[in-house]
Amino acid sequence: MTNKASISISGQDKMTLLNGVAGGTLSALTNFDTSYTYKEDGSIIQEKVKIINIIKEVVNHLGKEPLTNIFINDLEDTARKLIKYSGTTPIHFSEDYSSFIICNDTEKPNNFIYTFYQNDDIGYIETDFYYPSDLTFEAGSTLTQVLDKIC
């Protein structure tokens, strides 16, 4: 007579530490987009937190994943913020953008070939990459909900 045994193994990956299955739920109302520093004089310094730092904080501290295992390759620390021209008189740029003049169209020199009017997109500036609105979650929310909202 032969005894037969059957073994069944099921596994889960580390996402269970972020999606609520084996952890990854918030125990209190949590704001991720702002940090607060309390000074000795009682004042509070409020600062926005970069998106890349929010992601690392969520996965490291709350998801219990070591920083050495967190790789974020497709997200920059900075973003380009679009600048709109707010002047009421047109602004004219030279061909190589090395100089500009603010005057009516009829007064511009011939070598100023690029013209922008009020509310036109005129360029951009590099700025820190922050989450653009409130990023607060209720107790019981999962860390994957936080990451999904950032996406």
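The values are calculated or read from the model by the stated rules, or taken from the named source; none is laboratory data. Source: prediction; values computed, not measured. Neighbour counts run over all protein chains shown; Cβ positions are idealised from the backbone, glycine included. SASA here: full protein model, heavy atoms, side chains in, ligands and nucleic acids out. Shrake-Rupley method; radii C 1.70, N 1.55, O 1.52, S 1.80 Å.
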Check: Lysine pairs, Cα distance under 21 Å, 8 or more residues apart or cross-chain: how many in the chain?
Finding: 15
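Which whole-number percentage describes the relative contact order of the chain, with Cα contacts under 8 Å and a sequence gap of 6 or more? Present the calculation step by step, with values, prior to reporting the outcome.
Working: 219 pairs, mean separation 47.7, N = 151.
About 32 percent, as a whole number.
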Next item on the list: May I ask you to derive the FRET efficiency for Asp41 and Glu76 from their Cβ-Cβ distance with R0 = 41 Å, giving the value to the nearest 0.05?
Entry: 0.70
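Rounded to a whole number, what % of the accessible area of the chain do carbon and sulfur atoms account for, probe 1.4 Å? Don't skip to the answer; put the middle values down first.
Values: 5620 of 11120 Å².
C and S fraction of accessible area: 51 percent.
So, by mean Cβ neighbours within 10 angstrom, what's the order for 18-25, 93-100 with the highest one leading? Mind dumping the intermediate values first?
Details: 18-25: 17.0, 93-100: 11.1.
The packing order, highest mean first, is 18-25, 93-100.
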Check: Only one of the listed values, (i) 1.01; (ii) 1.36; (iii) 1.77, was derived from the coordinates as Cα Rg over 2.2 N^0.38 Å; which label is it?
Finding: (iii)
Next item on the list: Would you mind checking segment 120-135 for residues with the amide N under 20 Å from a putative spin-label position 7 Å along Cα→C-beta of Thr88?
Entry: 120-121
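So what is the relative contact order for segment 80-151, in percent, with contacts set as C-alpha pairs under 8 Å and at least six apart?
Working: 90 pairs, mean separation 25.3, N = 72.
Contact order relative to length: 35 percent.
Can you list the trypsin sites (Lys or Arg not before Pro) in segment 7-54 that are in a DSSP coil and have 12 or fewer other beta carbons within 10 angstrom?
Working: sites: Lys14, Lys39, Lys48, Lys50; in loops: Lys39.
Of the trypsin sites (Lys or Arg not before Pro), the ones in loops of segment 7-54 whose Cβ has at most 12 other Cβ atoms within 10 Å are Lys39.
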